[in-house]
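The values are calculated or read from the model by the stated rules, or taken from the named source; none is laboratory data. Everything numeric here is computed off the predicted structure, so don't read it as measured data. Backbone-built Cβ (ideal geometry, glycine too); neighbour counts: all protein chains shown. Side chains are part of the model used for accessible areas, which takes the heavy atoms of the whole protein and leaves out ligands, DNA and RNA. Shrake-Rupley method; radii C 1.70, N 1.55, O 1.52, S 1.80 Å.
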Amino acid sequence: MSRSLSLPIKLLAGFVLLAGLAAAWVAWLNVRGEQPVSDNISATAPSMEQVQRGAYLARAGNCAACHTARGGEAYAGGKALDTPFGIVFASNLTSDPETGLGRWSADHFWRALHHGRSRDGRLLYPAFPYTEYTQVTRADSDALYAFLRTMPPVRQANQPHDLRFPYSTQAALAVWRALYFQPGEFQSEPGKPAEWNRGAYLVRGLGHCAACHAPRNFMGALQDNPALSGGLIPMQNWYAPSLAAPAEAGVQDWSTAEVKGLLKNGISARGAAMGPMAEVVYGSTQHLNDADLQAMALFLRDLPRQAPAPQPETRVGSTVLALGAKLYKAQCAECHGGKGEGQGGIYPALAGLRTVTQASSANLIKTIIHGGFTPTTEGNPRPYGMPPFGQSLDNAEIAALASYVRTAWGNRASGVTPFDVNRVR
């Protein structure tokens with residue numbers, strides 16, 4: 001070996017050694033404080049009450065939304081979850097011993113929720129929201145485990161994740177966890193009533209609302225989990241509005257009944273759920289009991305108020321607004337009214353609608369392109385919907401229509417450009 005090559009090779013070897021030591025140190029940081037895990041599976045059948053409790057909690061956590069593929073068996077996994085780092089495939093949660101949870105003990109399941117580790121100790125990716133599920137109590141974890149053990153076994157092997165290097169490595173994940181994850185359990189806040197704390201537990205833990213309603217940094221880590229100040233949902237281009245800003249999705253000025261109505265039925269006198277939130281209502285919150293909906297409403301109404309995000313400084317000319325007015329009259333006025341007044345209980349008023357006036361125009365653009373429906377619920381059994389216009393209107397026309405709606409009838413929001421529309425598409 002020539003001397004000219006020996007130094008680079010030695011430097012590379014030193015780097016690899018240091019990286020290995022760093023990874024080992026980080027791995028140690030991630031296991032410190034963990035309790036020993038038992039492989040023993042209880043031979044005692046869980047009570048019916050515990051199983052029913054687990055089924056209810058699975059609804060509260062909306063577990064089926066990720067762990068059931070379209071057209072697949074319930075909780076059998078296989079659904080592809082697109083992330084900025086590649087694709088993560090949801091795992092099989094049925095009782096199959098080879099590909100599901102059949103050989104998992106209650107301790108294994110608790111460790112997955114609390115520490116983000118699989119049965120074999122492998123680190124799990126936070127697309128599985130253990131960053132929020134770590135707050136779930138052991139009793140609730142055991143109930144969820146008992147329910148999932150009753151799921152008929154489906155032999156469906158878990159598909160390997162398709163992540164880019166280095167995100168595909170356990171070492172990179174260990175570093176991420178050392179920086180951004182700290183296991184913990186929900187602690188009641190002194191001075192707050194039990195009902196408020198129950199709402200906080202559901203919103204911050206099982207409901208994992210921050211997974212959508214909090215901004216993320218360039219590494220995909222939540223930046224202000226408790227504040228719920230809103231953020232763009234990665235890879236979906238829907239904006240999950242701030243739950244703390246009344247100008248976005250804050251409900252501090254709503255009545256408790258109005259908040260409960262939105263969570264239970266997907267509609268209320270003050271707003272309606274569409275897009276990803278409609279899916280949450282359909283699969284999760286409509287199934288919660290009145291006491292838990294009351295608790296969530298109390299907690300959400302008590303969130304500290306935040307100022308809305310500043311409006312972008314995007315101005316559009318009179319020609320664009322004239323085109324938008326023409327398109328609105330032809331395509332929208334029949335349902336939403338000539339002055340954006342809507343039709344009570346059927347089509348929402350666009351004058352003053354927060355989805356229209358908030359700083360982010362993403363949700364308005366998405367709705368114009370793809371249309372949308374509120375969820376089908378007991379209180380909204382035959383929801384009215386909006387047809388998609390993405391096939392009949394080009395980017396410039398959608399930008400003009402959105403700009404008009406955001407500035408007409410007293411609305412004071414920034415304009416929308418064709419580039420904005422293309423980015424959301």
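Prolate is the label for the range 275-373, because the ratio a/c of its alpha-carbon gyration tensor axes (a ≥ b ≥ c) is 1.5 or higher and a/b is greater than b/c. Debye sum, Cα scatterers, the range 321-425, no solvent: what log₁₀ I/I(0) at q = 0.12, 0.13, 0.19 1/Å? One equal scatterer on each Cα of the range 321-425 leads to -0.37, -0.43, -0.93. To test your reading of the geometry: what angle, between 0 and 90 degrees and rounded to tens, separates the Cα axis of helix 318-331 from the longest principal axis of the chain? Relative to the chain, helix 318-331 is tipped by roughly 90 degrees. Note on the chain: Cα-only Rg and Dmax are 24.2, 83 Å.
Here the chain is treated with +1 on each Lys and Arg Cβ and -1 on each Asp and Glu Cβ, and its dipole about the Cα centre works out to around 780 debye. Per-residue packing, averaged as other Cβ atoms within 10 Å, sorts the ranges 212-221, 280-289 into the order 280-289, 212-221, beginning with the highest.
For the range 354-421, the per residue solvent-accessible surface stands at 43 Å², with DNA, RNA and ligands left out and a 1.4 Å probe. Think of each Lys and Arg Cβ as +1 and each Asp and Glu Cβ as -1; about the Cα centre, that makes the dipole of the range 301-425 roughly 180 debye.
Express in nm, to one decimal, how much length is gained between Asp302 and Asn217 on full extension, taking 0.36 nm for each residue of separation and deducting their alpha carbon distance.
Stretched out fully, the Asp302 to Asn217 stretch lengthens by 28.0 nm.
Candidates Thr68, Ala322, Tyr56 compared by Cα position along the dipole of the chain: farthest toward the positive end lies Ala322, with charges placed on Cβ.
Under the shape rule built on the C-alpha gyration tensor, where the axes satisfy a ≥ b ≥ c, the range 203-276 is prolate, since a/c reaches at least 1.5 and a/b is greater than b/c.
Too long at a 24 Å Cα-Cα cut-off: which of Lys260/Lys366; Lys326/Lys366; Lys264/Lys339; Lys192/Lys260?
Numbers: Lys260/Lys366 26 Å; Lys326/Lys366 20 Å; Lys264/Lys339 30 Å; Lys192/Lys260 20 Å.
Flagged as over cut-off: Lys260/Lys366; Lys264/Lys339.
Among 79-92, 150-163, the peptide with the highest mean count of other Cβ atoms within 10 Å heads the list, and the full ranking is 79-92, 150-163. For the range 35-106, the relative contact order comes to 24 percent (Cα pairs under 8 Å, sequence separation of at least 6).
Roughly what would the spin-label model give for Gln187 and Arg155, points 7 Å off Cα along C-beta, in nm? In this crude spin-label approximation the distance works out to 4.8 nm.
Separation of the range 143-207 and the range 249-277, taken as the distance between their Cα centroids, equals 26 angstrom.
Given 0.36 nm per residue, what is the gain on full extension from Glu49 to Tyr384 after removing their alpha carbon distance, in nm? Can you show the working numbers first?
On the way: separation 335, 0.36 × 335 = 120.60 nm, distance 3.78 nm.
Extra length available between Glu49 and Tyr384 comes to 116.8 nm.
Surface composition of the range 149-219: carbon plus sulfur atoms contribute 57% of the solvent-accessible area (1.4 Å probe, protein chains only, all chains present). Taking a point 7 Å out from the Cα of Arg315 in the direction of its Cβ, the residues of the range 385-425 whose backbone N falls within less than 20 Å of it are 399-420.
Before I look further, what does the range 223-282 give for accessible area per residue, probe 1.4 Å, in whole square angstrom?
Details: 2440 Å² over 60 residues.
For the range 223-282, the solvent-accessible area averages 41 Å² per residue.
Take the alpha carbon gyration tensor of the range 233-285, find the square roots of its eigenvalues, order them as a ≥ b ≥ c, and report rounded if a/c is under 1.5; if not, report prolate when a/b exceeds b/c, else oblate. Oblate. Which aspartates and glutamates does Lys79 reach when only Cα atoms under 14 Å apart count, and residues fewer than 8 places away in its own chain are ignored? Within the straight-line limit of under 14 Å, Lys79 reaches these aspartates and glutamates: Asp162. Against the chain, whose longest principal axis comes from its Cα atoms, helix 256-265 is set at around 70 degrees.
Pairs of Cα atoms nearer than 8 Å and 6+ residues apart set the relative contact order; for the range 346-412 it is 38 percent.
Of the three principal axes defined by the Cα atoms of the range 172-324, the extents in descending order read 56, 45, 30 Å. The phi-based Karplus calculation (6.51 cos²θ - 1.76 cosθ + 1.60; θ = phi - 60°) puts the 3J(HN,Hα) values of the range 345-357 at x, 10, 10, x, 6, 8, 6, x, 5, 5, 4, 7, 9 Hz, whole numbers, x for Gly and Pro.
When the residues Asp107, Asp140 are ordered by accessible surface, computed with a 1.4 Å probe over the protein chains alone, the sequence from largest down reads Asp107, Asp140. Where the alpha-carbon atoms of the range 50-104 are placed on the principal axes, they occupy 38, 27, 21 Å, in descending order.
State, as an integer percentage, the relative contact order of the chain based on alpha-carbon contacts under 8 Å between residues 6 or more apart.
Values: 724 pairs, mean separation 52.7, N = 425.
In percent, rounded to a whole number, it is 12.
Here the Gaussian network model covers the chain, with springs between Cα atoms less than 10 Å apart; of Pro308, Pro383, Pro193, Pro193 fluctuates the most. In the chain, the longest principal axis of the Cα atoms and the axis of helix 3-31 are about 80 degrees apart. Toward the positive end of the charge dipole of the chain, with +1 on the Cβ of Lys and Arg and -1 on the Cβ of Asp and Glu, the farthest Cα among Ala146, Ala278, Gln391 is that of Gln391.
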